[in-house]
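S.K.: Mind looking over this structure? Questions follow.
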Amino acid sequence: MLNCKEITQRASDFLDGTLPWRDRLEVRLHLMMCRFCREYLRQMNLVVRTLRRLPARKAAGVKGDSPVEVDEKLLELFRAGRS
């Protein structure tokens, strides 16, 4: 069975759905027994979903959102997802 360190190493692939079925099963078995890893993956999933909702950052010198505005939007979306 996987340990917590191995879960963190596979977290992104698990959330993206790119793990082979056997690895995915092993992750799910571990999650059934480990509340810390369940919480870790829940938080990771929130971050991934929030980042996917953000507009793409424009290159420097292009009109549009400044990096500060994008960062403020990220914080706003992240806080909204936690409530």
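Bear in mind that the values in this text are calculations on the coordinates, not laboratory data. Nothing here was measured: the structure is a model prediction, and the numbers come from that model. Please note: Cβ atoms are built from the backbone with ideal geometry, for glycine as well, and neighbour counts cover all protein chains shown.
S.K.: Taking the range 9-42 on its own, how many of its residues are surrounded by 12 or more Cβ atoms within 10 Å (Cβ to Cβ) and within 24 Å of residue 77 (Cα to Cα)?
M.R.: 9
S.K.: Output the residues belonging to the range 4-60 that are outside any helix (DSSP H, G or I), of a type in the set (A, V, I, L, M) and farther than 15 Å from residue 81 by Cβ.
M.R.: Taking the range 4-60 first, the residues outside any helix (DSSP H, G or I) are 17-20, 34, 54-60.
Pick out the ones that are also of a type in the set (A, V, I, L, M) and you get 19, 54, 56, 59-60.
Result: 19, 56, 59, 60.
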